[in-house]
Structure formats: structure tokens, C-alpha cells
Amino acid sequence: MADITKNKAETQVRNLAAVLRGRVTEVYGPGTEIDGLERLSGGASRETWSFDALMADGSRKPLILKRDPLNEQREDNADSQFSGANVLLGVDRWTEGRLMQLAGEVGVPVPEVPFFLDANDDTSAGFVMQRLDGEALGRRIVREDIYARARPKLAFQCGAAAARFHNIAIEHLPSLPSLTAAEALDYHLDVIDALKQPHAGFEYGIHWLRERLELAGDRLTLVHGDFRNGNLLIDSEGLLGVLDWELGQLGNPLTDLGWICIRAWRYGYYDKPVGGFGEVADLLDGYEAGGGGRVPLETLRFWEAFGCVRWGVICMIMAFTHIDGRERSLEKVSIGRRAVEGEYDLLRLVD
Amino acid sequence: MPTDRPTAAELVEAVREFLADDVAPNVEGQLAFHTRVAINALAIVERTMAQGGAMDAAELARLRELLGQDGDLAELNGALSRAIRAGEMDGKRGALLEHLRQTAQDKIALANPRYLTPRG
């Protein structure tokens, strides 16, 4: 049995190598080879692979493939008991790669996306991006000495980057799930109801947010959807790339600014509200400098409170992935107890 | 529950100590991370066994006062959530918020007490 599994895995790697070899010769010319193909992570939802394109002239392009899991057709709206569930399920890989290309075109630091893979007998759908040399682990970014010079710049750079991708004209965007602020609040209540987990704290927070919907503003733009420390590639000089566009959606742009400020991404450095590395004033200055306009603090508070609700609900969804048996996981079920972090912070933001 | 020693709490504590002292130093990568997650989960169970009863009693007393009705914790939390959504608590916001903040603080003291202090 173990041998069969091993053989199957080896066949899958061989098939993938053949697909990639074919694609790199199309993209970079005949004689291009691939080298060092290696699986980086195998989450249940995505696979990432590292490899180099070895050019005919001997030079190398370090690349990453991100693709859907093999042998598993993505079920869109699998969580269809919740309306609008795909805002938390994510977009397909082609859309994700396309969003990165569009962001790069308007000056957002992102890895280049040179080509895509179609789903066929040998691979699931995916996209290939430049492999940049940097750090994405939030815990290290807030702590390690080599990022000391980068940290004070990051909040401004994040603000400027967000303003730029929020300004991409909607007609240039691929098809995306879309939720207004009011719909997003309803959606979170729907999830809480579906899980039969009444939380008076979240209930009060959502009630408070609904009373202040005019603060949300009515812009509808590309939203990154998971814009936070942990999805930012950093080097010793600053922001190198905004990663993980798979929760891209159409929504209120300030969703992203509130999200990067919630405490879950501060890794213990609670006195640095932006990602554990920066200040709100720098984030908002960067946002204005990048063309996003001046965001009042009161509006940011609305969106940070919204972020607390969203974090809490995501924690509950993760826990129930385990509890209802879809994916038994100690990590997922434990995250359920982090919902109260969102509830606690939410109740300190509202009045 | 039997009154024999070890108590359930002492067994959980022993498993947590085993994971922390014997397993954690000898594993790395994902397994080390998941060992830490397991240790944290058991610590939540221990704190809940020690403090949860008193917290539940206090929460129940607050809920009865706030809602002016009787019931168990699950019933009253459901009732409070529905009342908030319907706007029926809008006249008692001060007392409501005080209750909600206390409840959240108690829950976090069980789930992750370090959250209450910076860089703990």
C-alpha cells in the first residue's frame, strides 16, 4: 500500500515536471529546462512548488507554482449554506494570478506572473510566479533584527500599495465575488446562525456597525481580502511583494485597511497597530500618497471593528471544519478558541 | 465524576507536561508546531476546569439580571443575542456592554490569558 502511494506520488511529480518543461519552452524558448522541482507546502486547499527555469544560455529564473490540489475538483460554493460563502472560499488560480498581474501593472510590489497552467490529465490549474528572496513569516518580520530598518517603512508602503490596487478600474478586473459592507455584515450573521453559535458580543458589534453603515463609504473596488502581516514579503529594505490574492473580491476598499490593523496579525507586538510593525498614521499617509484619499480615523475604526467580526467568524468556520468532520485537525479546532480574541477587541472598539 | 486521585485535571496536566517536557524538545517543523498547539489546548482545558464554574455562575447571574428572565446559559445567551439583533437592548447599552466586556474578558482568560498583556 505504501509503495502504491509512493509510486503514485512519483508519477504525479513526473507528470508535473513534463507539463512545466513544455510550458517553459513555450514561454522562454526551445532548450529551456526545469531544475530543482520541489514541493513546498501541501495544505488541503493549495499546493506550492518551487523550481528554476534553466535557460538555454545557462541563466536561471527562480519560480513558484501555485496550483489547486490534484484529484480534487474545486467545488465552488461548497459552503453554500452561507450566502456569499465564496468571499471566504476564494477565487480560482487563474483569477488569483491575473489579480497579481494587474496589481503589478499599477505599481504594487508583487512577484511577476509569467504564465499559467490549464487543468488537464497531468496537472490541476495553477499559475507560476517569480520566486523572490524575502521573508513572509509575520512572527519573524516583527521581531528579527535584520528587518529593523524595514519595519518603520512598512505601514506607509502597505498603505500606498493598497491605494494603488484599490484604484484599478473595475472593468479591467476578472469576475469576482462581490459584497457591499451591508451584505458582508448580513453574511457574517448568516454564518453565526448556521453554526448555531449565538455570540452576544459579535451580535452587539454587528448591530453597532449596522447603525454606522454611512461611515463605511460606498466605494466598491478590488479588495485583496487577506491583506495582513503574514501575506507580505519583506526584505531588509522594506515591502517586496503583496502575496496570496486568493481571497480577492469586490468590496469596500477599506476592508483591507481595517484587516491589516486587527490584533491577530501583530504577533504579540500589540503597541504596533499595523501588523505588529507600524503606526496607523503611516498607513493612512501611505494610502493618501498612493492615491486612495484621506481616510478618517473614525472610518478606520469602523473597518477594524468589522475586521474583528470577520476574524471571529473565520475562527468559528475553521473550528467547525473539524467539528462537523470535513477535516479533522487539531490546529483548526484550536483556532476556534481564538474567536474570542476578535470578540474582545471588538467590544473595546465599539461603544 | 470519581473523587479518586488523580483527578481529571491532574491527568490533563500530566499529559500537557509530557508533551512539553518529553515530546516538544524532540520534534521539529510541523510536528513541533502541532505539539505547541496541543499543549495550549490542554492548558485551556485546565484553566476551564479550575475557573470555568465560577465564571459561568457569574455570567448566568448577569444574564438573568439583564434580561429579567430565567434559563440556563445557552438559553439566555441565545435570548440576549436575539434581543440585541432586534434592537430590544438599545435602552440598556451601558449595562449590556459592561456584561459583554466582562464575559469576553473571562473567556479570553481561559483561552489565551497572555492576550490581556502585551508581549507576554
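A search for C-beta distances below 8 Å between a residue of region A:266-280 that is within 14 Å of chain B (Cβ to nearest Cβ) and any residue that is among the acidic types (Asp, Glu), counting only pairs 6+ apart in sequence or on different chains, returns A:Lys272/A:Glu279; A:Pro273/A:Glu279. The condition (being in contact with a helix residue (DSSP H, G or I) (Cβ under 6 Å, 6 or more places away or on another chain), surrounded by 14 or more Cβ atoms within 10 Å (Cβ to Cβ) and either acidic (Asp, Glu) or farther than 25 Å from A:Gly342 by Cβ (or both)) is satisfied by just one residue among B:Val12, B:Val37: B:Val12. Looking only at residues in region B:66-104 that are crowded, with 16+ Cβ neighbours inside 10 Å and closer than 19 Å to B:Ile44 by Cβ, the one that is nearest to the other protein chains (Cβ to nearest Cβ) is B:Ala104. For region A:101-115, what are the residues that are under 9 Å from A:Met129 (Cα atoms) and not in a loop (DSSP other than H, G, I, E, B)? If the condition is that a residue be under 9 Å from A:Met129 (Cα atoms) and not in a loop (DSSP other than H, G, I, E, B), then A:Phe115 is the only one that fits. When B:Ile39, B:Ile84, B:Ile44 are checked against the criterion of being among the β-branched types (Val, Ile, Thr), at pLDDT 95 or above and over 22 Å from the mean Cα position of the chain (by Cα), B:Ile84 stands alone in meeting it. Note on region A:219-272: residues that are at positive phi and surrounded by fewer than 23 Cβ atoms within 10 Å (Cβ to Cβ) amount to 5.
When B:Leu110, B:Leu76 are screened for being closer than 28 Å to A:Arg143 by Cα and not β-branched (Val, Ile, Thr), only B:Leu110 passes. Can we say A:Ala119 is assigned to a helix (DSSP H, G or I), more than 17 Å from the chain's Cα centre (by Cα) and in contact (Cβ under 8 Å) with a residue 12 or more places away in the chain? No.
Evaluated against (1) within 11 Å of chain A (Cβ to nearest Cβ); (2) surrounded by 15 or more Cβ atoms within 10 Å (Cβ to Cβ), B:Leu60 falls short on exactly one condition, (1).
Going by what's in this entry, would A:Trp303 be described as more than 14 Å from chain B (Cβ to nearest Cβ), closer than 24 Å to A:Phe202 by Cβ and crowded, with 19+ Cβ neighbours inside 10 Å? When the stated conditions are applied, A:Trp303 passes them. With respect to the conditions (1) more than 19 Å from the chain's Cα centre (by Cα); (2) under 26 Å from A:Pro253 (Cβ atoms); (3) among the hydrophobic types (A, V, I, L, M, F, W, C); (4) within 14 Å of chain B (Cβ to nearest Cβ), A:Ala289 falls short on a single one, namely (4). The set of residues in region A:310-340 that are within 10 Å of chain B (Cβ to nearest Cβ), closer than 19 Å to B:Thr48 by Cβ and under 20 Å from the mean Cα position of the chain (by Cα) comprises A:Ile335, A:Gly336, A:Arg338, A:Ala339.
The values are calculated or read from the model by the stated rules, or taken from the named source; none is laboratory data. Every value quoted in this text rests on a predicted model; they were computed, and no experiment measured them. Cβ atoms come from the backbone with ideal geometry, glycine included; neighbour counts cover every protein chain shown.
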